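Notes to accompany the following structure.
The values are calculated or read from the model by the stated rules, or taken from the named source; none is laboratory data. Everything numeric in this text was worked out from a predicted model, so none of it was measured. A quick note on method: Cβ atoms are made from the backbone with ideal geometry, for glycine too, and the neighbour counts reach across all protein chains shown. Ligands, DNA and RNA are excluded from the accessible area calculation, which covers all protein heavy atoms including side chains. Shrake-Rupley method; radii C 1.70, N 1.55, O 1.52, S 1.80 Å.
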Amino acid sequence: SRNYQSSIMLRLSLILVGFLPLALGFSNGGPASATCGDLLPRHGVDAQTGASPFGITPPGNTVQRGSNVELTLHGNGATFKGFCVRAFEGTDGSAGVFQASPNVQTRTCVGITNGATHTSPSLKEHVALSWTAPNYPTTVEFRSSVVVEFSTFHLISPVIVQVV
């Protein structure tokens, strides 16, 4: 009767509220668990398979130790809403650090800001990422993912630079 209907409506409301964060995604940046982990956006879907139009381009194959360089995350004409990028040295996070900007917020992974993500879900054709290389020679691999829309994301082929 009336109490039963109220109980059902309350339960349904609680269930729907529980799914609200999943439906909204992470419009103001990927969570640290994604940026500092496997780069998966936690949207409950698998990455797209096949060739991806997205890439990350460093200024060259080598960069000077301690130098500030600009990486470009781009879609080769395709737009995207979100991204996660992290720098690695082998299996560990890089000592190189990203800097925040109006379109980029940093993520601290194991005490170092070697991760970066978006600040808003606005459509982007490219994003400039400012990164400072470590102060020693090493090989750095940039791993990243791009979210096109809630149910569509791509893992980008890693890019390697030599710090000299």
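For the reader, a short list of remarks on this structure follows.
- Residue within region 95-107 that is at pLDDT below 90, assigned to a loop (DSSP other than H, G, I, E, B), more than 16 Å from the chain's Cα centre (by Cα) and surrounded by 15 or more Cβ atoms within 10 Å (Cβ to Cβ) present: yes
- Scanning region 58-79 for residues that are within 20 Å of residue 137 (Cα to Cα) and either touching a Phe, Trp or Tyr at 6+ places or on another chain (Cβ under 7 Å) or loosely packed, with under 14 Cβ neighbours inside 10 Å (or both) gives 59, 60, 61, 62, 64, 65, 66, 68, 69, 70, 71.
- Meets criteria (at negative phi, touching a Gly at 6+ places or on another chain (Cβ under 8 Å) and in a strand (DSSP E or B)) for residue 135: no
- Test: residue in region 135-148 that is in contact (Cβ under 8 Å) with a residue 12 or more places away in the chain, open to solvent by 60 Å² or more (accessible area, probe 1.4 Å), more than 12 Å from the chain's Cα centre (by Cα) and closer than 16 Å to residue 74 by Cα: no
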